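Written out below as structure tokens is the structure these notes cover.
The values are calculated or read from the model by the stated rules, or taken from the named source; none is laboratory data. Please read all numbers here as calculations on a predicted model, not as lab measurements. In this analysis, Cβ positions are derived from the backbone assuming ideal geometry, glycine residues included, and neighbour counts consider all displayed protein chains.
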Amino acid sequence: MAVMSGRILAGTTHRIMLQLRHDRRTVGLLLVVPSLFLTLLYYMFDANGMVFQRVGLVMLGLFPHVMMFLITSIVMLRERQSGTLERLFTTPLGKLDLLFGYGVAFSIVAALQGTITALVAHYLLDLDPAGHLGLVIVVAVANAVLGVALGLLCSAFARTEFQAVQFMPVVVLPQALLCGLFVPRDDMAGWLQAISDVLPMSYAVDALLEIGGHADPTTTMWRDLAIIGGAAVLALILGAATLRRRTP
Amino acid sequence: MGKSAITVDQLVVHRGRREVLHGLTAQVARGSVTGLLGSSGSGKTTLLRAIVGVQVVHSGSVTVLGHPAGSPKLRRRVGYLTQSPSIYPDLTVRENVRYFATLYGRGDDAVTEALKTVGLADAERQLVSTLSGGQRSRASLACALVGQPDVLILDEPTVGQDPVLRDELWTKFRELARAGTTLVISSHVMDEAEHCDRLLLIRDGYLIADDSPAAIKSATGADNLDTAFLSMIRARQAEASLEVG
């Protein structure tokens, strides 16, 4: 039997999108909140436009990651707890159908979110990276997919939704602190820099700063993007390993 | 081999540190309705989970349609209704059933038919979260029926349903069996047991009766199944205390 089926993957993606469509408030929050947050940053750094150019750009890439991580870990936990996951495993659905179903559906949402936020940032808040705005969205979506993959993985270690939410500070916060946004990575103590080197978000920030500073896509940016993609695939594979058809 | 759809052989299952099924052996004939009876906590659901292949088994084996339970070939041919409705509350009834139809490779006709069978054709556009408990479990049942599987494992499909609907569902189950589907249906309502070709009574993880409703009644001299089962349980307890004493 095939590991993945086009029909089942498409059906699963469609089902997840339908679930989102019935939850208009969540969709509204997902699409609007990042723009509002950026607007807040814009006025905070009113006196220092250069800071906003840097922080705003980085936020554009990080927002989808954090949100998708949270949403995915809770949705997947629900799937485990409500018994639907167990039921799905008695059907022809493969583990990868389910994981990639979530990956694809939330990537579409992330792309929408990223595009809206990027357009607002560029046209209303004068965010003007040297590179192409489309590339910013690409990095944002890649980072969102990474968030989905990490969320799927972490949901395996949470028994309740409270625990799932607690994984956000555990997984996301250290990455955000060490990614080079607050302190440039080169200025960190050696051991912190070593930790930062193995956290995927560091590469997302690096990629965004490359786009901010160079008119054309740089080799470093492509390398960073590949690392983010690789980390996402790795997390998805680990996530698949945590899904068990048989449970005690 | 040909006649038996499900063969359970010396099945031992542990949940946590407890052994909940103690070397259970039973057979289920093709195209029959088998009732699985027992109080809550007796091991009914565990046995059903083992048959659909989502239960970790300690020892023994379960064979379904000639394949080990849970093998990929079976997933298209076995339908499972869990005890508490496992469907998506944030989708409409029809969207739920259509999703499961997609998984089994069935079309829209199968969706409509399944909805009609469970009496939810009128509520198909309603969100599952707005349904009553009984409607919800029927929506969940429709998701199992829509795959038109050869084997249907139903964990308490009629709980909380109104008497007329319950009767209609049993008529449908009989119809499916006549057409060749093998059904295993758990229940703790004894009057439903009369609809079954064969009954398996489980108590504390042991199979204490495995026969047709008529044979069980005549063996115990009781005129209804409730009394029959009670006397079987008593007889067994007496036996056990003799062994200990």
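Any residue at all in segment A:204-218 that is more than 14 Å from chain B (Cβ to nearest Cβ), outside any helix (DSSP H, G or I), free of Cβ contacts under 8 Å to residues at least 60 places away in the same chain and surrounded by fewer than 16 Cβ atoms within 10 Å (Cβ to Cβ)?
yes
Name the single residue, out of those in segment B:1-29 being more than 18 Å from B:G41 (Cβ to Cβ) and in contact with a helix residue (DSSP H, G or I) (Cβ under 9 Å, 6 or more places away or on another chain), that is farthest from the other protein chains (Cβ to nearest Cβ).
B:A26
Would you mind stating whether A:L9 is within 30 Å of B:R75 (Cβ to Cβ) and not β-branched (V, I, T)?
yes
Given (1) more than 13 Å from every other protein chain (Cβ to nearest Cβ); (2) crowded, with 21+ Cβ neighbours inside 10 Å; (3) free of Cβ contacts under 8 Å to residues at least 40 places away in the same chain; (4) not polar (S, T, N, Q), where does B:V118 come up short, assuming only one miss?
(3)
Name every residue in segment A:105-123 that is surrounded by fewer than 18 Cβ atoms within 10 Å (Cβ to Cβ) and within 15 Å of the chain's Cα centre (by Cα), in order of residue number. Before you say what the answer is, go through the steps one by one.
Within segment A:105-123, the first condition is being surrounded by fewer than 18 Cβ atoms within 10 Å (Cβ to Cβ), and the residues that meet it are A:108, A:111-112, A:115-116, A:119, A:122-123.
Hits for segment A:105-123 are A:I108, A:A111, A:L112, A:T115.
Take the residues in segment B:30-69 that are among the charged types (D, E, K, R) and either away from chain A (no Cβ under 14 Å) or assigned to a loop (DSSP other than H, G, I, E, B) (or both), then tell me which one is surrounded by the fewest Cβ atoms within 10 Å (Cβ to Cβ).
The qualifying residue surrounded by the fewest Cβ atoms within 10 Å (Cβ to Cβ) is B:R30.
Take the residues in segment A:33-60 that are touching a residue at least 40 places away in the same chain (Cβ under 8 Å) and among the aliphatic types (A, V, I, L, M); name whichever of them is nearest to A:V75 (Cα to Cα).
A:L60
What residue, of A:T12, A:T39, A:T91, A:T26, is more than 22 Å from A:A142 (Cα to Cα), among the β-branched types (V, I, T) and within 14 Å of chain B (Cβ to nearest Cβ)? Before the answer, list the steps.
Details: A:T12 fails: more than 22 Å from A:A142 (Cα to Cα); A:T39 fails: within 14 Å of chain B (Cβ to nearest Cβ); A:T26 fails: more than 22 Å from A:A142 (Cα to Cα).
Just one listed residue meets the conditions, A:T91.
Which of the residues belonging to segment A:50-88 are within 14 Å of another protein chain (Cβ to nearest Cβ) and among the charged types (D, E, K, R)?
A:R78, A:E79, A:R80, A:E86, A:R87 - these are the residues of segment A:50-88 that are within 14 Å of another protein chain (Cβ to nearest Cβ) and among the charged types (D, E, K, R).
Quick grid of which residues meet (1) modelled with pLDDT under 90; (2) assigned to a loop (DSSP other than H, G, I, E, B); (3) out of contact with any Ser or Thr (no Cβ under 7 Å at 6 or more places or on another chain); (4) not small (G, A, S):
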{"site": "A:L98", "(1), (2), (3), (4)": "no, no, no, yes"}
{"site": "A:D128", "(1), (2), (3), (4)": "yes, yes, yes, yes"}
{"site": "A:V139", "(1), (2), (3), (4)": "no, no, yes, yes"}
{"site": "A:F162", "(1), (2), (3), (4)": "yes, no, yes, yes"}
{"site": "A:V171", "(1), (2), (3), (4)": "yes, no, yes, yes"}
{"site": "A:Q175", "(1), (2), (3), (4)": "yes, no, yes, yes"}
{"site": "A:G180", "(1), (2), (3), (4)": "yes, yes, no, no"}
{"site": "A:D186", "(1), (2), (3), (4)": "yes, no, yes, yes"}
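Can we say B:S187 is over 17 Å from B:L115 (Cα atoms), hydroxyl-bearing (S, T, Y), surrounded by fewer than 14 Cβ atoms within 10 Å (Cβ to Cβ) and under 19 Å from the mean Cα position of the chain (by Cα)?
Spelling it out, it is not the case that B:S187 is over 17 Å from B:L115 (Cα atoms), hydroxyl-bearing (S, T, Y), surrounded by fewer than 14 Cβ atoms within 10 Å (Cβ to Cβ) and under 19 Å from the mean Cα position of the chain (by Cα).
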